[in-house]
Amino acid sequence: MKLFGKKPPEENQVIKPKKPWYREYGEALIIAGILAIILRTFVIQAFKIPSGSMEETLLIGDHLLVNKFIYGSQVPLFDDRILRIRHPERGDVIVFEFPGDADKSYFNRRDFIKRVVGTPGDKVEVRNKKVFVNGERLAFEQEIHRDPNIVGPGYGPRDNMPMVTVPPESYFVMGDNRDQSFDSRFWGFVPENNIKGLAFIKYWSWNSEETMPRFNRIGRLIE
């Protein structure tokens with residue numbers, strides 16, 4: 001029956017065949033995977049602390065999130081960064097690809113985490129465990145020294161390092177656990193393109209010795 005020359009509404013509807021359940025789940029998983037890759041590449045990434053070089057700021061077993069867009073997101077296969085908010089600053093805790101692994105395959109390169117001590121153009125020097133930047137004593141609340149002995153200049157740069165100038169687009173980094181950190185004192189500077197992001201929050205901490213979580217470790221790294 002026609003009303004006013006038109007078909008009833010139900011006669012105009014097109015019923016689409018329902019997708020099989022496996023196709024619906026498959027499409028949802030593919031979309032979720034693409035979003036996860038985009039977030040991990042350009043926005044945020046999780047890391048786990050494997051060593052004690054950043055104690056007491058970060059302990060072995062701390063899990064943290066790294067902001068990957070604050071210094072500009074890196075486009076895969078390109079050196080350029082997009083949408084940079086700012087450059088790394090003195091005091092930032094950064095995650096970076098170890099410069100010494102540049103000749104290794106992508107899957108064998110290691111990620112390090114340290115604190116920025118010198119920015120491009122800074123003159124950095126270590127005298128008897130004390131760090132000087134541009135001639136002024138630099139000390140962070142978080143730095144610790146567990147070895148009271150001072151290593152002489154002839155036995156390595158741990159406690160005494162001649163003045164060096166940080167090159168353009170590079171950074172001088174050190175671990176907060178100064179006596180047990182393999183950092184710029186030993187191997188040099190971090191190119192800005194090696195930096196993956198700014199560590200900003202600890203979301204989980206696991207004490208493997210006591211096999212229990214450390215809830216007091218959870219919280220922000222920066223204010």
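Here is how the numbers come out for the structure above:
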quantity	calculated
Residue count for segment 44-73, restricted to those that are among the hydroxyl-bearing types (Ser, Thr, Tyr) and either touching a Ser or Thr at 6+ places or on another chain (Cβ under 7 Å) or free of Cβ contacts under 8 Å to residues at least 12 places away in the same chain (or both)	2
Count - residues of segment 188-223 that are outside any loop (DSSP other than H, G, I, E, B), surrounded by fewer than 16 Cβ atoms within 10 Å (Cβ to Cβ) and either at pLDDT 95 or above or touching a Gly at 6+ places or on another chain (Cβ under 8 Å) (or both)	2
Failed condition for residue 120, given (1) in contact with a helix residue (DSSP H, G or I) (Cβ under 6 Å, 6 or more places away or on another chain); (2) surrounded by 15 or more Cβ atoms within 10 Å (Cβ to Cβ); (3) not acidic (Asp, Glu)	(1)
Unique residue being under 21 Å from residue 50 (Cα atoms) and assigned to a loop (DSSP other than H, G, I, E, B) when the list is 140, 182	182
Residue within segment 83-93 that is among the aliphatic types (A, V, I, L, M), out of contact with any helix residue (DSSP H, G or I) (no Cβ under 7 Å at 6 or more places or on another chain) and touching a residue at least 60 places away in the same chain (Cβ under 8 Å) present	yes
Single condition residue 94 does not satisfy, out of (1) among the β-branched types (Val, Ile, Thr); (2) closer than 21 Å to residue 56 by Cα; (3) at pLDDT below 95	(3)
Which listed residue, of 162, 148, 120, is at pLDDT 95 or above, part of a loop (DSSP other than H, G, I, E, B) and either over 17 Å from the mean Cα position of the chain (by Cα) or not hydrophobic (A, V, I, L, M, F, W, C) (or both)	120
Lone unmet requirement of (1) modelled with pLDDT of 95 or more; (2) more than 30 Å from residue 72 (Cβ to Cβ); (3) basic (Lys, Arg) for residue 185	(2)
Qualifying residues in segment 71-80 (those that are surrounded by 12 or more Cβ atoms within 10 Å (Cβ to Cβ) and either modelled with pLDDT under 80 or among the small types (Gly, Ala, Ser) (or both)) - the one farthest from the chain's Cα centre (by Cα)	75
Qualifying residue in segment 23-44 (condition: farther than 23 Å from residue 142 by Cα, over 20 Å from the mean Cα position of the chain (by Cα), outside any strand (DSSP E or B) and of a type in the set (Phe, Trp, Tyr))	yes
Qualifying position, being loosely packed, with under 13 Cβ neighbours inside 10 Å and either out of contact with any Cys (no Cβ under 8 Å at 6 or more places or on another chain) or among the charged types (D, E, K, R) (or both), among 90, 109, 127, 86	86
Odd one out for residue 96 among (1) of a type outside the set (A, V, I, L, M); (2) within 22 Å of the chain's Cα centre (by Cα); (3) assigned to a loop (DSSP other than H, G, I, E, B)	(3)
Lone qualifier among 70, 85, 60 - being outside any strand (DSSP E or B) and touching a Leu at 6+ places or on another chain (Cβ under 6 Å)	70
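The values are calculated or read from the model by the stated rules, or taken from the named source; none is laboratory data. Source: prediction; values computed, not measured. When we count neighbours, we look across all protein chains shown, and the Cβ atoms used for this are built from the backbone with ideal geometry, even at glycine.
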